[in-house]
Amino acid sequence: MALFRFLAQKDKTVARVLVIQTAFLGDALLTLPLIRRLQEAFPSAEVHWLLRKGNEELFEQHPWKFRLWTWDKSWRDFLRLYRELSQLEWEGIIVVQRFFRMGLLGWLLKARWRIAYDKSPLSFLYTHAVPHEVREGVHETTRVLALLRPLGFSPTLPPPPWLFPSELPFFKKPYIVVAPASRWATKEAPLEYWARFLQQVPLTYHVYLTADASQWAKLEKLTAFHPKVENVAGKLSLREVAALVAGAERLYTVDSALTHFGSALNVPTTTIYCSTLPAFGFGPLAPGSEVVETPLPLACRPCGIHGRRTCPLSHFQCGHTLPLPQMREKYPLR
């Protein structure tokens, strides 16, 4: 019996469900399919979504109509959140991550049912613990949607787009987007790699380089390698970045949140992998997408789940042996 069968019997009380995902922006983007399937299956439920502070800007004007909450990762703000959330009556809580504090929050709040991954430190206190599988062929969206199975159904991935940005007139079409930066240095291909890549981009295309403001100076060095390159690192809001990706012929990026922008917007994406692996389940999903990684069977790869600040063996062969994407044949543009 589905846990939500009671919804059909309620006339006055609105059932509230809290979805908790306070990890990085890319993780939030990959939670959108769960939000959508939850709303489709139970349209009378009121969905609330708790995000890491700073990520909410991308979703504030989203047409799917959920209520946003934010957390700044501090214990003080944790207490503030608990005070505010505990004043509402919760039918259920879904924790889409495996960290102690958010697992604690989900347990402290009064709710009829709670769902978490079995790898969550407090999953034994929840009414349902769902297996978290990291294996070849299982995408993160599949793992996230599995959290809905205790509700009585097995959801499939909703068709994209999952983001709906407004078109911005100042982008020069046709263009591609290149996002070569990551918060983890071993996820970044060497700058020389991107310089060689830009030299092969046809002159018919404009190129927009994007990253956060801290990467502007590094990306500015790449503007010398194509006559139609513009460095917009740090100049766009999150919603404007979404609009930029949405209008692109193709997105070229490292293993970062930009890959998931491409998936959410259904934009063909080429993701460059260095120290991490596509097998982790965070690859691009849009039709026509591709991954690029070293052809060498490096025993040291992967060296971590998220990447590292420096190569532990000081050779960074996973980055120095990358093949270039072939834009015209292997990776055709839209």
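The values are calculated or read from the model by the stated rules, or taken from the named source; none is laboratory data. Note that the coordinates shown come from a computational prediction; the quantities given were computed from them, not determined experimentally. As a convention, Cβ positions derive from the backbone with ideal geometry for all residues, glycine included, and neighbour counts pool all protein chains shown.
For region 36-85, enumerate the residues that are part of a helix (DSSP H, G or I) and closer than 17 Å to residue 106 by Cβ. Spell out how you get there, then give the answer.
The first filter runs over region 36-85 and keeps only residues part of a helix (DSSP H, G or I), leaving 36-41, 56-59, 75-85.
Listed by number, the residues that qualify are 38, 75, 77, 78, 79, 80, 81, 82, 83, 84, 85.
Taken over region 13-56, the criterion of being small (Gly, Ala, Ser) and within 21 Å of the chain's Cα centre (by Cα) is satisfied by 23, 26, 28, 54. Regarding residue 224, is this residue at pLDDT 95 or above, part of a helix (DSSP H, G or I) and either surrounded by fewer than 18 Cβ atoms within 10 Å (Cβ to Cβ) or touching a His at 6+ places or on another chain (Cβ under 6 Å) (or both)? For residue 224, the condition - at pLDDT 95 or above, part of a helix (DSSP H, G or I) and either surrounded by fewer than 18 Cβ atoms within 10 Å (Cβ to Cβ) or touching a His at 6+ places or on another chain (Cβ under 6 Å) (or both) - is met. Per the listing 241, 254, 267, the residue uniquely buried (at least 20 other Cβ atoms within 10 Å of the Cβ), touching a Leu at 6+ places or on another chain (Cβ under 7 Å), closer than 28 Å to residue 229 by Cβ and not basic (Lys, Arg) is 267. The residue list 154, 182 contains one member that is in a loop (DSSP other than H, G, I, E, B), small (Gly, Ala, Ser) and surrounded by fewer than 19 Cβ atoms within 10 Å (Cβ to Cβ), which is 154.
Each row is one residue, and each column tells you yes or no for (1) over 25 Å from residue 45 (Cβ atoms); (2) crowded, with 18+ Cβ neighbours inside 10 Å; (3) of a type outside the set (A, V, I, L, M, F, W, C); (4) free of Cβ contacts under 8 Å to residues at least 12 places away in the same chain.
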{"site": "67", "(1), (2), (3), (4)": "no, no, yes, no"}
{"site": "94", "(1), (2), (3), (4)": "no, yes, no, no"}
{"site": "108", "(1), (2), (3), (4)": "no, no, no, no"}
{"site": "115", "(1), (2), (3), (4)": "no, yes, no, no"}
{"site": "119", "(1), (2), (3), (4)": "yes, no, yes, no"}
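Do we have residue 120 as at pLDDT below 95, of a type outside the set (Phe, Trp, Tyr), in a loop (DSSP other than H, G, I, E, B) and under 25 Å from residue 57 (Cα atoms) here? Please lay out each step first, then the result.
Working: at pLDDT below 95: yes; of a type outside the set (Phe, Trp, Tyr): yes; in a loop (DSSP other than H, G, I, E, B): yes; under 25 Å from residue 57 (Cα atoms): no.
No: the conditions fail for residue 120.
Scoring residue 277 on the criteria (1) touching a strand residue (DSSP E or B) at 6+ places or on another chain (Cβ under 6 Å); (2) modelled with pLDDT under 95 leaves a single failure, condition (1).
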